[in-house]
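Here, each number is a calculation from the coordinates, and none is a lab measurement. These figures come from a predicted structure and were not determined experimentally. So basically every Cβ, Gly included, is an ideal-geometry build from the backbone, and we count neighbours across all protein chains shown.
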Amino acid sequence: MPNGAGGQRHSEGDGAREHTEAFKRGLKTRREVLGDVYVDASLDKATDFSWPMQKLVTEYCWGEIWNRPGLGRRERSILNLGIISALNRQHELRTHVRGALNNGVTREEIAEIFLQVAVYCGMPAAIDSFRNAQQVLDELTD
C-alpha cells in the first residue's frame, strides 16, 4: 500500500525483505527492551526507502551490540540515556527511557543520569531530557 511518501510500506510477509538470523536475534532483543507496540509500529511504518535502516538497526544495533557479553542490558540502557541526552535526540530518548525502565533502571537513576548530563553536556540537553522523560513516566502511570 502506498504510504504517501512515494514508497511502499513494509510487510512482515514481504519476501523481498527476508529476515536473516541476525535480524531475528536482534528483533527478539529489540522487542524485549522496547516492547512489541513500539517495535511493531517502527516496522509497520517502514517503507521501501526506510527499510534498509530498520534492517541495519535491528541486525547491527540490537542483534550485534546489545547482545555482546561485555555489558548487561541495564548498563547499556544507562549509557544510551547519557549519550542520547547529550546528543539531544529527544525522540530516541523517550524510546530509551521506556527501554531503561524495562531493563531495571529506576526513575531515580534516570534523574541522576540527566543531572550528570547537565554538568558535562549542558543544561539545555538535560532540561529537555527531564521534560521528555517526565512525559514518558506520566504516560506509564496513566
Computed over the Cα atoms of the chain, the Rg and Dmax in Å are 16.3, 49
Quick one, can you get me the convex hull of the C-alpha atoms of segment 73-141 expressed as volume per residue in Å³? 66
Quick one: check the C-alpha center-to-center distance for segment 102-142 versus segment 40-72, whole angstrom. 24
Convex hull volume per residue for segment 25-79, taking Cα atoms only, in Å³: 74
Exposure proxy ranking, count of Cβ atoms within 10 Å, fewest first, for GLU59, GLU64: GLU64, GLU59
Which parts of segment 43-67 would a label at GLU75 reach, counting a residue when its backbone N lies under 16 Å from a point 7 Å out along Cα-to-Cβ? 65-67
How far apart, in nanometres, would the label points at SER50 and LEU87 be if each is projected 7 angstrom from Cα along the Cα-to-Cβ direction? 1.7
Report the Cα-based extents of segment 56-99 along its three principal axes, largest first, to the nearest Å. 27, 22, 17
